[in-house]
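*Asks:* Structure in structure tokens, see below.
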């Protein structure tokens, strides 16, 4: 009887883990994504667009800094166990995505860091936290943790090397998380 109970528990637990992973895994966007957007390859190269974009439609001018509004974000995430991987693209430069680093699952939240490297400047590190509100909607919070508070980063002096990248995520501090975005699953 005990073996049967343990086996049933193991099957239910595995099903719960698999369900949690599939809830997160996929492509997400703040607005309808660019026409034909189908995510990125495992190396961060833009997948071939499934439809040609409308080149006659004028581009919407928005800030490149994800700490300013309004910002379009395209997000492709994969969750395997407690590990989170994928890419995040910001409006205007989504074809050059930021790789998810240090990604992990914390209950109903995933947290990760992205880096924006600019030649001659300190890299900019952002910490992100995403919370599911339902199976097709998430709230994405962000916090700048280094490299300056704008999209350019702090200038490096000639010969100066950038500081080493963080090796762990800082504690989540919602009081200084200055912005959030609502993302919807891309079908």
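The values are calculated or read from the model by the stated rules, or taken from the named source; none is laboratory data. Quantities reported herein were computed from a predicted structural model and do not represent experimental measurements. Reconstructed Cβ throughout: ideal geometry from the backbone, glycine too, with neighbour counts over all protein chains shown.
*Asks:* Please count how many residues of region 100-145 are in contact with a helix residue (DSSP H, G or I) (Cβ under 7 Å, 6 or more places away or on another chain) and over 23 Å from residue 165 (Cα atoms).
*Replies:* Going through region 100-145 one residue at a time, the tally reaches 2.
*Asks:* Moving to a separate point now. Which residues, counting only those in region 96-117, are outside any strand (DSSP E or B) and crowded, with 16+ Cβ neighbours inside 10 Å? Spell out the reasoning first.
*Replies:* Restricting attention to region 96-117, the residues satisfying the condition of being outside any strand (DSSP E or B) are 96-97, 100, 107-108, 117.
Residues satisfying the conditions are 97, 100.
Residue by residue, here is whether (1) crowded, with 16+ Cβ neighbours inside 10 Å; (2) at pLDDT below 85; (3) not in a loop (DSSP other than H, G, I, E, B) holds:
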residue	(1), (2), (3)
86	yes, no, yes
94	yes, yes, no
129	yes, no, yes
133	no, no, yes
176	no, yes, no
180	no, yes, yes
